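J.: The structure's right below; bear with me while I get my questions together.
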Amino acid sequence: MHAICTRTYGEPDVLSLSDYPTPALAPGEYLVKVEASSVNPVDWKVRRGEVRFFSGLHTPPPILGADFSGTIAACGPGTRDFKPGDEVFGMVRAFKGGAYAEYVKVTSQNIARKPRNLSFEEAAAFPLVGLTVYQGLVEKTTLTKGQQVLVNGCCGGVGHIAVQMAKLLGAEVTGVCSAENADLARRLGAAHVIDYRNSDITAEKGRYDIFFDAVNNQSFRSARSTLTPKGIYMTTMPAFDNIVIAPMLNHLRAQQHLSLWVKPNRKALEAMTPWIESGKLRPHVSHRFPMEAIAEAHQLSESGKVAGKIVLQGVNAATG
Ligand SMILES: NC(=O)c1ccc[n+]([C@@H]2O[C@H](COP(=O)([O-])OP(=O)(O)OC[C@H]3O[C@@H](n4cnc5c(N)ncnc54)[C@H](OP(=O)(O)O)[C@@H]3O)[C@@H](O)[C@H]2O)c1
């Protein structure tokens, strides 16, 4: 098959279109023909070698990429949940990769049926960011109607889904972004928008039930005064202090410091599908690249200025 292969850690030019053996299926596995993938910051963090402890000390995974949408091409022995031709979307673990390819091998835990109203490109933009936000706003907390949620980085990949999901769960959302993205933030559902270049986002005291930090330029300490007495600071940047120390300290205080760590989760994708199909939740695709232009797509994501998501059109489409 064709795939974007990576032999060493480094700059975007370590990514190149090559031939790679099509994965063989073990019992319980499916082969998905990838119609589209998308770029997440973790992909270039892996490529740069910033997370070697998880992705391989000396060499990167041979194929990067977590998100995909496509059709089931083959079913391994003992599979029952999907059949050839089914349209699916899902994610594999970014540290292991595999989605920047013509085919990706998965189990039924990685995938769910593609929402009917999304194109393959839109569907590929959703799984990793959707599952991150679902973990934060549904699995780790219970949002109730009228609660106040601040989303820092409200127009990025994670943030633009967080705004929509918080709103559909009944919260009143304050979005933090640059002035250029203020209109998009309002369209996504933010009732209030803060331009981080002109305002101190921690100035508001005792207001937020959830401070959802998708930029990670704040901390529990800096955001704490903005929280209600039982408010939660949630970060998408797991680190020693928020994985190991914070859970212990959380037992001693009412305000909570949580960190999110996205995993493939079929049930969560299925739970979000009705929200997508009813139009309450929709990934915003701002850029599309053929998979062979992956280096350019990574550079753009590394700028930190992308609104919504960058989608990669299937490698089969790129190569004809
Ligand atoms: N732990 C996990 O499981 C997990 C899962 C998903 C993501 N993450 C991490 O979460 C982070 C965000 O991911 P992402 O996909 O949302 O990234 P992204 O799409 O690249 O974020 C880009 C957005 O960040 C905004 N931004 C940049 N500087 C900002 C600032 N100072 N204040 C507010 N907004 C700012 C930009 O908005 P403007 O153009 O308006 O400035 C842009 O829209 C990454 O570090 C990623 O690796 C972790």
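J.: Conditions first: (1) surrounded by 18 or more Cβ atoms within 10 Å (Cβ to Cβ); (2) within 11 Å of the ligand (Cβ to nearest atom); (3) not hydrophobic (A, V, I, L, M, F, W, C). Gln313 passes all but one, so which condition is the exception?
T.: Condition not satisfied by Gln313: (2).
J.: If we only count helices (runs of 4 or more DSSP H) wholly inside the range 23-139, which ones have 2 or more residues that are of a type in the set (Ser, Thr, Tyr)?
T.: Numbers: elements: 41-48, 52-55, 120-125, 127-134.
Ranges flagged: 127-134.
J.: For the condition in contact with a strand residue (DSSP E or B) (Cβ under 7 Å, 6 or more places away or on another chain) and either closer than 17 Å to Lys309 by Cα or among the polar types (S, T, N, Q) (or both), what is the one hit in Asn152, Asn181? Spell out the reasoning first.
T.: Values: Asn181 fails: in contact with a strand residue (DSSP E or B) (Cβ under 7 Å, 6 or more places away or on another chain).
Result: Asn152 is the single residue among Asn152, Asn181 that is in contact with a strand residue (DSSP E or B) (Cβ under 7 Å, 6 or more places away or on another chain) and either closer than 17 Å to Lys309 by Cα or among the polar types (S, T, N, Q) (or both).
J.: Taking the range 141-178, which residues are over 21 Å from Ser222 (Cα atoms), of a type outside the set (A, V, I, L, M) and within 12 Å of the ligand (Cβ to nearest atom)?
T.: Answer for the range 141-178, where residues must be over 21 Å from Ser222 (Cα atoms), of a type outside the set (A, V, I, L, M) and within 12 Å of the ligand (Cβ to nearest atom): Cys155, Gly156, Gly157, His160.
J.: If a residue must be aromatic (Phe, Trp, Tyr) and touching a Cys at 6+ places or on another chain (Cβ under 8 Å), how many such residues does the range 65-92 contain? Full working, then the answer.
T.: Let us first name the residues in the range 65-92 that are aromatic (Phe, Trp, Tyr), namely 68, 82, 89.
Those still in the list that are touching a Cys at 6+ places or on another chain (Cβ under 8 Å) too: 82.
Final tally of qualifying residues: 1.
J.: Out of (1) open to solvent by less than 20 Å² (accessible area, probe 1.4 Å); (2) of a type outside the set (Ser, Thr, Tyr); (3) under 22 Å from Glu302 (Cα atoms), the odd one out for Arg93 is which?
T.: (1)
J.: Scan the range 58-69 and report the pairs whose first residue is without any contact (Cβ under 8 Å) to a residue 12 or more places away in the chain and whose second residue is surrounded by fewer than 20 Cβ atoms within 10 Å (Cβ to Cβ), with Cβ atoms within less than 9 Å and a gap of 6+ or a chain change.
T.: Every condition considered, the pairs that remain are His58/Tyr9; His58/Arg52.
J.: Using the structure shown, decide if Thr8 is in the same structural domain as Gly90 (by TED's automatic domain parsing), surrounded by fewer than 16 Cβ atoms within 10 Å (Cβ to Cβ), in contact with a helix residue (DSSP H, G or I) (Cβ under 9 Å, 6 or more places away or on another chain) and of a type in the set (Ser, Thr, Tyr).
T.: yes
J.: Moving to a separate point now. Any residue in the range 269-282 that is within 12 Å of the ligand (Cβ to nearest atom) and open to solvent by less than 20 Å² (accessible area, probe 1.4 Å)?
T.: Checked the range 269-282: no residue is within 12 Å of the ligand (Cβ to nearest atom) and open to solvent by less than 20 Å² (accessible area, probe 1.4 Å).
This table checks each residue for (1) at positive phi; (2) without any contact (Cβ under 8 Å) to a residue 60 or more places away in the chain; (3) among the charged types (D, E, K, R).
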position	(1), (2), (3)
Pro247	no, yes, no
Arg253	no, yes, yes
Leu260	no, no, no
Leu269	no, no, no
Trp275	no, no, no
Ser286	no, yes, no
Ala295	no, no, no
His298	no, no, no
Glu302	no, no, yes
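The values are calculated or read from the model by the stated rules, or taken from the named source; none is laboratory data. As the structure is a computational prediction, the values presented were derived from the model and not from experiment. Using ideal geometry, Cβ is built from the backbone for each residue, glycine included, and neighbour counts are taken over all protein chains shown. What goes into the accessible areas is simple: the full protein's heavy atoms, side chains included, and nothing from ligands, DNA or RNA. Shrake-Rupley method; radii C 1.70, N 1.55, O 1.52, S 1.80 Å.
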